[in-house]
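The values are calculated or read from the model by the stated rules, or taken from the named source; none is laboratory data. Please read these numbers as outputs of a predicted model, since none were measured by experiment. Cβ: placed from backbone, ideal geometry, glycine included. Neighbour counts: every protein chain shown.
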Amino acid sequence: MSYRNVIVLILLGIFLSSVTAQEARLLRFPTTNGKQIVFSYAGDLYTVPTSGGVARQLTSHEGYEMFPRFSADGSTIAFTGQYDGNTEVYTVGAEGGVPNRLTYTATLNRDDIADRMGPNNIVMPWKNTSDEIVFRSRKRSFNSFIGSLYSVNTAGEMPQQIEVPRGGFCSFSPDDSKMAYNRIFREFRTWKRYRGGMADDVWIYDF
């Protein structure tokens, strides 16, 4: 093969790589307030109207932002952000702004977003009748399969553990008097159609 042909192939490869990168679509963790959709893409949060259109970037930090969740009134977004080596809970306005950090926990090797059970301090939902955000943390567990649910308010006061032995995804009744939840968090696992002893059930906790 001639030198000229080699150069052409290299340039073609660079061009195809560029096109592929521009067309990449890995949109994850969507949430909506009825008017806009917020999702994570390439480690940042983006927003787009529910009617469609061009997505607008909400965050631009070099760390990862993921698991966005709207407050009950739709004005604020809670999310899990990986800044300065820690994975913590943050909030930001629905239209963007400077993120506000709510939690401060020790750095764990479980802060890695590639962890087999997902990163630490994953934002779940907001409560419906207060400004509290519920998140899943493994800061007190030596077993990577076991995480606990905590709540923290937007003032960033000390998080309070919810009175269940373990928890994953959860949802609250309109008056926050009951919580439906999974005891095992499987978002990052590959257990599709698994029916063994670690399969998810839905539990109801009455506060």
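Assorted remarks:
- GLU88 meets all of the listed conditions (1) touching a residue at least 40 places away in the same chain (Cβ under 8 Å); (2) part of a strand (DSSP E or B); (3) under 30 Å from LYS178 (Cα atoms); (4) not aromatic (Phe, Trp, Tyr) but one, namely (1).
- Any hit, the stretch 166-174, residues being in a loop (DSSP other than H, G, I, E, B) and modelled with pLDDT of 95 or more: yes
- Checked against the criterion of being at pLDDT 95 or above and of a type outside the set (D, E, K, R), the stretch 135-145 contains one or more residues that satisfy it.
- Residue count for the stretch 127-149, restricted to those that are β-branched (Val, Ile, Thr), exposed (fewer than 15 other Cβ atoms within 10 Å of the Cβ) and closer than 17 Å to MET198 by Cβ: 0
- Within the stretch 91-108, residues that are exposed (fewer than 14 other Cβ atoms within 10 Å of the Cβ) reach partners that are of a type in the set (Val, Ile, Thr) and modelled with pLDDT of 90 or more with beta carbons closer than 7 Å, at six or more positions or on different chains, in the pairs GLY93/THR76.
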